[in-house]
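All remarks here apply to the structure that follows.
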Amino acid sequence: MNSTRFYFVVLVLVGVSYLTTVFIDNQYPFFAGFAILQLIIMALAWNILGGYGGYVNFGSAAFFGLGAYGAIVAYQLFGASLPIQILVGGLFSALVGLGTGYLTLRLRGVYFAIATLALLVVAETLIHNWDYVGGAAGAYLLPKRNLDFWGVLIVGKVGGLFGNNKELLFFLMCILALLTIVICRAIEKSKLGRGLAALRDNEEAAESMGVPTLKLKLIATTLSAAIMGVTGGIFPYYMTFIEPTSAFSLDISVNALAMPLIGGTFTWLGPVLGAVILGTLQQIATVTISSEINLLIVGLFLVSFVIFAPEGFLGLIKKYSKRRD
Amino acid sequence: MLEIKNLTKRFGGFTALSNINLDVRSGERLGLIGPNGSGKTTLINCICGVIQDYEGEVYFDGESLNSLAPHKRARKGISRSFQIPKPFNSMTIRQNLIIPLEYAVQEGIRSHIDMESEVDQIIENMQLSELADQLPTNLTQIDMRKLELARAMVAKPKLLISDEAMAGLSSSEIDDILKILIALNENTNVTIIMIEHIMRAVMSFSERVVCFDAGEVIANTTPEEVVKVPAVERAYLGE
């Protein structure tokens, strides 16, 4: 798809997502949509380092959780508004991502994966023991029923752009997901993307060909962490309550890496497909059976794709279409 | 052009290189021989920066390389091919060749280049035109070696280190690679260090041959003379 058509589709989707908040009264689609969009962003964020760069990161939940708690700190300190909470969450995670990357990116393969897992445990332990943000008991963040910005009523039952906070957050999540897709597509088409692909294929050869591998990995880690942090930054406002065990849950890390592996890691479309497939199935399972089986679904899909379609859903399509030709 | 002074590299208690001193002239064709484990690949890893915790100094064009990462050494004009080919498998041959141009050339040696024409030219020189849009996984052994050399040469380096580019090739394929290396040296005046076990190739390619054994230089002379050195016969050629 050429760039003009791509950006036109993005703009159309922004419009469609706003119109759904206007015309749909039932709140469940916004709840389910928010969850799936959150997964899409997480999958795309993970894929920047894991898919484009080939560095498997088990610590995504740490960046998500730190983003969420960054928002809580901003709220506690100066009663920050939602956009500021999201920004602080993203910035906080980006800084931690940069620092962590600098310390761990000289490690390769399984050693890097273990280091990122350790980051998750350390971050959760720190928050557990930090009373200012509620410690193990968690923290509340109560959104306003009526939200206005420079005299424009953003959320309000009568005359507001959105009827309630859930609709606003769904729309915001749509914007963030589309923005993340735009960023990922730009990376793929850039020198940065080609450099990351080279280091994924063979790091020693890439370095010998002049690719500054450490610098590229640091950029990828910081970007990936920032996007995870932004997703985390919106989370306390959505949930109104947050506690460390769920904010730093290993489920988040597993989901974040499973979705790109299921969809395909080479382009932005793979993680989006993986997230839509997995997110939809998890929503169906949650409604019809129980959310407890969500991780089982992820596990079964992950194992099946690793064995039968190691290049993900997109790889499978490519293989099938080649055979037909 | 390349000066190696008192270079020593130890892996724990094992000394892989011991006090190596070596000068390589601009435009020279140097053969590096020696039995397996004698330190040849360790030496080129020290030159390219893959190994940096060595003792001694490596100078290139009068400048010390000691503190430079491998990618910065590549931008100074040092390029290599690998003993076991390491192509970028997710990219076509053409895309493989774009990487050094984008990074080594644009950020280091020259600022404005026509990448497409540079890539087309080297693809044609290496006789890879028909395969240009294929993935490396489909290549034969000889074409894989050509790709390695093309990728190393596309940035127009000053020094090319060819690490056993002829390993596993048939006699006629060895001649092909030999022709390519000699043509590269004659047409672009690139200095070439060739590590090779195939003595026929070393003898016809090299202007000078350096022989390693147990991390030390045991001979440094012309191809005609090196085969007569008793230490080389004992350590490498067989008596």
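Derivation of every value follows stated rules applied to the coordinates shown; laboratory data play no part. Remember, it's a predicted structure, so these values are computed and weren't measured experimentally. Counting neighbours? That spans all protein chains shown, and the Cβs are built from the backbone with ideal geometry, glycine included.
Other residues with beta-carbon under 11 Å from the beta-carbon of A:Tyr55 carry, at +1 per Lys or Arg and -1 per Asp or Glu, a net charge of +2.
Residues considered: B:Ser206, B:Ser170, B:Ser81. Largest GNM mean-square fluctuation over chain B, using C-alpha springs under 10 Å, is found at B:Ser170. The C-alpha atoms of the range A:3-249 occupy a region whose extents along the principal axes are 63, 50, 30 Å, arranged from largest to smallest. Please identify which residues in the range A:304-318 have an amide N closer than 15 Å to a label point set 7 Å out from the Cα of A:Ala285, following the Cα→Cβ vector. In the range A:304-318, the label zone of A:Ala285 (backbone N under 15 Å from the point 7 Å along Cα→Cβ) covers A:304-305. In chain A, helices alone account for a calculated mean residue ellipticity at 222 nm of -25000 deg cm²/dmol, with every DSSP H run of four or more residues adding -39,500 (n - 2.57). A Gaussian network model of chain A, with springs between Cα atoms under 10 Å, assigns the largest mean-square fluctuation among A:Gln282, A:Gln76, A:Gln85 to A:Gln76. The calculated FRET efficiency for the pair A:Ile84 and B:Asn187, based on their C-beta separation and a Förster distance of 56 Å, comes to about 0.35. Taken over the protein assembly as shown, the convex hull of the Cα atoms encloses 192 Å³ per residue. Summary value for chain B: 27 percent relative contact order, contacts being C-alpha pairs under 8 angstrom separated by 6+ residues.
A simple rule links phi to the HN-Hα coupling: the Karplus curve 6.51 cos²θ - 1.76 cosθ + 1.60 with θ = phi - 60°, which for the range A:272-280 gives 5, 4, x, 5, 5, 4, 5, x, 5 Hz, with x for Gly and Pro. Close Lys pairs in the range A:3-249, defined as Cα atoms under 25 Å apart and 8 or more places apart or on different chains, number 7.
The residues A:Lys217, B:Lys72, when put in order of fewest to most other Cβ atoms within 10 Å, stand as B:Lys72, A:Lys217. The alpha carbon centroids of the range B:202-235 and the range B:168-194 are separated by 20 Å.
Legend: ranking of residues A:Ser249, B:Ser129, B:Ser171 from fewest to most surrounding C-beta atoms inside 10 Å; resulting order B:Ser171, B:Ser129, A:Ser249.
The mean sequence separation of alpha-carbon pairs under 8 Å and at least six residues apart, normalised by the residue count of the range A:3-249, gives a relative contact order of 39 percent. List the aspartates and glutamates whose Cα lies under 15 Å from the Cα of B:Lys5, skipping any in the same chain that are fewer than 8 positions away. Candidates past the 8-residue exclusion: B:Asp23, B:Asp53, B:Glu55, B:Glu57, B:Asp61, B:Glu63, B:Glu216.
Computed over the range A:76-213, relative contact order equals 7 percent, with contacts defined as Cα pairs under 8 Å that lie 6+ residues apart. Sorted fewest first by neighbouring Cβ atoms within 10 angstrom, A:Phe248, B:Phe14, A:Phe31 come out as B:Phe14, A:Phe31, A:Phe248.
Note on the range A:5-35 and the range B:91-160: Cα centroid distance 46 Å, given to the nearest whole angstrom. Distance between the C-alpha centres of the range A:158-231 and the range A:105-119: 20 Å, rounded to the whole angstrom.
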